[in-house]
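Below is one structure, written out as structure tokens; comments come after it.
The values are calculated or read from the model by the stated rules, or taken from the named source; none is laboratory data. Please read these numbers as outputs of a predicted model, since none were measured by experiment. Here the Cβ is made from the backbone with ideal geometry for all residues, glycine too, and neighbour counts use every protein chain on show. Surface areas here come from the heavy atoms of the whole protein model, side chains and all, with no ligands, DNA or RNA. Shrake-Rupley method; radii C 1.70, N 1.55, O 1.52, S 1.80 Å.
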Amino acid sequence: MPDAFTTRVLHVTTGSAETVVDLTRDCEAFLRDAAAGRDGLLNIFVPHATAGVAIIETGAGSDDDLLAALHSLLPADDRWQHRHGSPGHGRDHVLPAVVPPHATLPVLGGRLELGTWQSVCLVDTNISNVNRQVRLSFLG
């Protein structure tokens with residue numbers, strides 16, 4: 001019988017622009033091995049102070065809309081007390097309060113239970129840190 005708890009770390013390069021990275025296929029690939037047809041929970045965690053995890057539609061403009069909304073809500077200007085890094089970087093440290101650094105999703109029969117248009121995404125507005133880790137953990 002497979003382990004009740006299995007974890008894997010993804011290494012994601014986000015580039016030099018604010019981005020939403022679809023991790024759904026990575027999650028599905030992990031579950032094929034880790035869940036082995038069982039029910040359980042998938043936890044996605046980003047161990048970074050300036051990134052988050054969102055469950056949204058991608059490819060139809062929603063990912064760009066999310067970045068635009070974050071830019072309106074958290075502008076990259078000099079209002080932030082946290083000031084090291086690129087201009088407006090303090091807002092990147094507020095991002096996880098709006099887009100949390102984790103999500104826990106149901107797994108049924110070894111498959112991720114998402115709605116028709118839902119995707120698991122890494123949200124990264126910090127253009128100064130392009131190397132991210134995402135920890136996937138299955139409990140079942």
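Rg/Rh for the chain stands at 1.02; both radii use Cα atoms, and Rh follows the Kirkwood definition. Working note: Debye formula, equal point scatterers on the alpha-carbon atoms of region 59-102, no solvent; log10 I(q)/I(0) at q = 0.16, 0.22 Å⁻¹ is -0.45, -0.76. When only alpha carbons are used to place a centre, region 25-75 and region 118-140 end up 6 Å from one another.
Calculated accessible area for the chain comes out at 53 Å² per residue, all protein chains present (probe 1.4 Å; ligands, DNA, RNA ignored).
If you wrap a convex hull around the alpha carbons of region 83-140, what volume per residue comes out, as a whole number of Å³?
Roughly 113 Å³ of hull volume per residue.
With a 1.4 Å probe and all protein chains kept in place, how do 22, 39, 77 rank by accessible area, largest first?
Working: 22 70, 39 95, 77 50 Å².
Output order, biggest surface exposure first: 39, 22, 77.
Each label point was placed 7 Å from the Cα along the Cα-to-Cβ direction; for residue 139 and residue 7 their separation is 1.2 nm. Given R0 = 22 Å, the distance between the Cβ atoms of residue 104 and residue 69 translates into a calculated FRET efficiency of 0.40. For the chain, with all protein chains in place and a probe radius of 1.4 Å, 53% of the accessible heavy-atom surface sits on carbon or sulfur.
Taking each residue as 0.36 nm, the span from residue 97 to residue 25 lengthens on full extension beyond its C-alpha to C-alpha distance by 23.3 nm.
If you line up the long axis of helix 24-34 against the longest principal axis of the chain, both from Cα atoms, how many degrees apart are they, to the nearest 10? Once rounded, the angle reads 30 degrees.
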